[in-house]
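The values are calculated or read from the model by the stated rules, or taken from the named source; none is laboratory data. These numbers were taken from a predicted model, which means no experiment stands behind them. Glycine also receives a Cβ, built like all others from the backbone with ideal geometry; neighbour counts cover every protein chain displayed. Only protein heavy atoms, including side chains, enter the accessible area calculation; ligands, DNA and RNA are left aside. Shrake-Rupley method; radii C 1.70, N 1.55, O 1.52, S 1.80 Å.
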Amino acid sequence: MTRFWKAFAIVILFAASTTSAVAEERWQTLPEPAAMPKPDQSGYAPVNGIQMYYAVFGAGDPVLLIHGGLGHSDIWASQVATLSKMHKVIVADSRGHGRSTRTEQPYGYDLMASDYLALLDHLKIDKTALVGWSDGGIIGIDIALHHPERLTRLFAQAANVTTDGLDPGVMTNKTFAAYIDRSGRDYKKMSKTPDQYDAFVAQMSHMWESEPAWSKEQLAEITTPTAIVAGDHDEAIKREHTEYIASAIPGAKLIILPNASHFAMLQAPDEYSRAVLDFIDAK
């Protein structure tokens, strides 16, 4: 068992044994996602040796939503409902997550980015705005670094660019623990390999131990209009690290979402969607 997976196990035990004596603030909660609207198109795209689940909603300039580690695309239901009124919205489950399959190939953000680029090719989308949360934000930064021609704008929330951007306090945070617990239950319900959650997390953990690892000089090469976003109570990413990323990417906009944490899209769905639209539709 990897060091990260042992830490996750500790977090889950901590959450199970912790009770709150006072009313929780919004940023301490983990609301259930809303019901996902009915897609206009959905299916599985054959990309890089996996079957990648995707769904498409609405019409207009495209926007791709990429979820975080251990999660799945249904977490974006509220954003899909709002954004699809004026945009073509694409969601997908990253390799091994949700309904998508995985291989024994080691995980890397470059591989996951290539999965999403192949999905865009499958859907015949040349260029899109990208909204990424946590691992999804890191994937977005990877694409901005290596394939900027595929992006119009990047809204990266709760991302890190080096492993020391992670806040060690996350390992004793009950909201994050609740997310890990929920992710395990969702995996068993959604995955084509429901008994392989431990093996899946072990693969992810190997990546998290060393990635991402981008230098300030690399970030300075990003030309995609970028927003670096965080909740003001993010449990997982240090605030100074978020501010560092915003300062390192030329012209990046720093957005701090009030009374929200790593899970801002669930805690403040309307405010989150408004922040996305304000940025991706800005002239």
Within the range 139-173, the residues that are buried (at least 20 other Cβ atoms within 10 Å of the Cβ) and among the small types (Gly, Ala, Ser) are Gly140, Ala144, Ala156, Ala158, Ala159
Touching a Lys or Arg at 6+ places or on another chain (Cβ under 7 Å), among the basic types (Lys, Arg) and open to solvent by 40 Å² or more (accessible area, probe 1.4 Å) - does that describe any residue in the range 101-108? yes
I need the strands (runs of 3 or more DSSP E) fully contained in the range 71-161, keeping only those with at least 2 residues that are touching a strand residue (DSSP E or B) at 6+ places or on another chain (Cβ under 6 Å) and under 24 Å from Gly49 (Cα atoms). 87-92, 128-133
What number of residues in the range 4-58 are modelled with pLDDT under 95 and in a loop (DSSP other than H, G, I, E, B)? 7
Residues that are of a type outside the set (Gly, Ala, Ser) and open to solvent by 10 Å² or more (accessible area, probe 1.4 Å), drawn from the range 109-124: Asp110, Leu111, Leu117, Asp121, His122, Leu123, Lys124
With Ser205, Ser261 as the choices, which residue is more than 25 Å from Ala275 (Cα to Cα), of a type outside the set (A, V, I, L, M) and touching a residue at least 12 places away in the same chain (Cβ under 8 Å)? Ser205
Against the definition (touching a strand residue (DSSP E or B) at 6+ places or on another chain (Cβ under 7 Å) and either assigned to a strand (DSSP E or B) or surrounded by fewer than 22 Cβ atoms within 10 Å (Cβ to Cβ) (or both)), how does Glu217 come out, yes or no? no
